[in-house]
Amino acid sequence: MNILINDGISPAGIAALEKANFKLFQTKVAQSQLANYINKNTIEIILVGSNTQIRKELIDQCPQLKLIGCSSIELDPIDVAYAEKKDIKVIHTPNAFSRSVAEMVFAHIFSNIRNLKNTNQDMPLEGDSRFKELNSGYSNASELQGKTLGIIGFGRTGKEVAKIALGLGMKVLVSSKNSEEISLKLNFFDGQEVSFTIPSASLQEVLKTADIVTLHVPAQNEYLITKEELELMKPTAGIINTSRGDVLDEVALVEALNDKKIAFAGLDVFEKEPHPEIQILMHPAISLSPHIAGSTQEAQDKSAVELSNQIINIFAK
């Protein structure tokens, strides 16, 4: 079978597919030329990331497609329901990115509570002339040990976040649709295991209690966190969003930061990607990254292997 790998996967996935005798096309095809390329080369499987759109029109133009694979947590680039209606399998790799996203959460947390987002800007400009002043001005940092991390949404990524938090000595409180208490097992490098029981509470209770709130929920029909929710938080608290830009009202966030209702934020996703609002980009209390929370080499390798294994299990004889 012919596979077009349009957004690229890591060598581990390519090797597995080649070993299973799939014919791979690794040309990056422009969106406007995609249908023609698929038909000309009798492509039956296409693998994409976030840069290629597989919409209804393309699906109709390429009736020989049998599978669409997406190297991602979500399936936003694909009209999934329509593809499945046309008997095209749709697969993705949400498990592969959980640890990378979880680690990015703490990158943003440390960037804020240790003032790194500011010192990394100030030191190159003034580190040689105002070292003592910078030392004094940024000596108000905090430790995470003993602080409460509120996790909104407790899927695979939320669980990975909780594991890191527990390892740092934090308290963990979860807002989840699951049971009141959640069991979580922490595995260590030497084979030891420790089991924890994580308490669950309402969204409002988590917001009131947590020193830091982190969001791990799917796309919403309306904001999950608005001005009303932000006003429940402590004035010393912060909020991190690495899930979806549409779950957090950014206008309300900026107002809350300006009014000292909360202390800081960390954002990897934005309401208006790929053109975030300038008020967000320039705000001194917001740590920023360009939607790269899941973008580590390890995550890409895991995703490629997971995609290839799924394809092999479905089609290889």
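The values are calculated or read from the model by the stated rules, or taken from the named source; none is laboratory data. Everything quoted here is computed from the prediction, not taken from an experiment. In this analysis, Cβ positions are derived from the backbone assuming ideal geometry, glycine residues included, and neighbour counts consider all displayed protein chains. All accessible areas refer to the heavy atoms of the entire protein, side chains included, with ligands and DNA or RNA removed. Shrake-Rupley method; radii C 1.70, N 1.55, O 1.52, S 1.80 Å.
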Report summary line: Within segment 1-32, the count of residues that are at positive phi and within 25 Å of the chain's Cα centre (by Cα) comes to 1
Requested in this report: Among the residues of segment 204-226, write down those that are open to solvent by less than 30 Å² (accessible area, probe 1.4 Å) and modelled with pLDDT of 95 or more.
Outcome: V206, L207, A210, I212, V213, T214, L215, H216, I225
Requested in this report: Could you list, in sequence order, all residues of segment 169-194 that are of a type in the set (S, T, N, Q) and either open to solvent by less than 90 Å² (accessible area, probe 1.4 Å) or touching a residue at least 24 places away in the same chain (Cβ under 8 Å) (or both)?
Outcome: S175, S176, N178, S179
Query - Test: A201 is surrounded by fewer than 18 Cβ atoms within 10 Å (Cβ to Cβ) and either touching a residue at least 60 places away in the same chain (Cβ under 8 Å) or more than 16 Å from I239 (Cβ to Cβ) (or both) - result: yes
Query raised in the report: Are there any pairs with C-beta distances below 7 angstrom linking a residue in segment 12-36 that is without any contact (Cβ under 8 Å) to a residue 40 or more places away in the chain to a residue that is of a type in the set (D, E, K, R), with the two at least 6 apart or on different chains, and if so which?
Result: L24/E18
Requested in this report: Check N187 against each of (1) touching a helix residue (DSSP H, G or I) at 6+ places or on another chain (Cβ under 9 Å); (2) among the polar types (S, T, N, Q); (3) modelled with pLDDT of 95 or more and name the one condition it does not meet.
Outcome: (3)
Report task. Answer with yes or no whether M104 is among the aliphatic types (A, V, I, L, M), assigned to a helix (DSSP H, G or I) and without any contact (Cβ under 8 Å) to a residue 12 or more places away in the chain. Result -> no
Requested in this report: Would you check if there is a residue in segment 82-89 being open to solvent by 30 Å² or more (accessible area, probe 1.4 Å), closer than 24 Å to P274 by Cβ and among the charged types (D, E, K, R)?
Outcome: no
Query - Candidates L166, L149 - the one that is open to solvent by less than 20 Å² (accessible area, probe 1.4 Å) and either within 24 Å of I113 (Cα to Cα) or not in a helix (DSSP H, G or I) (or both) - result: L149
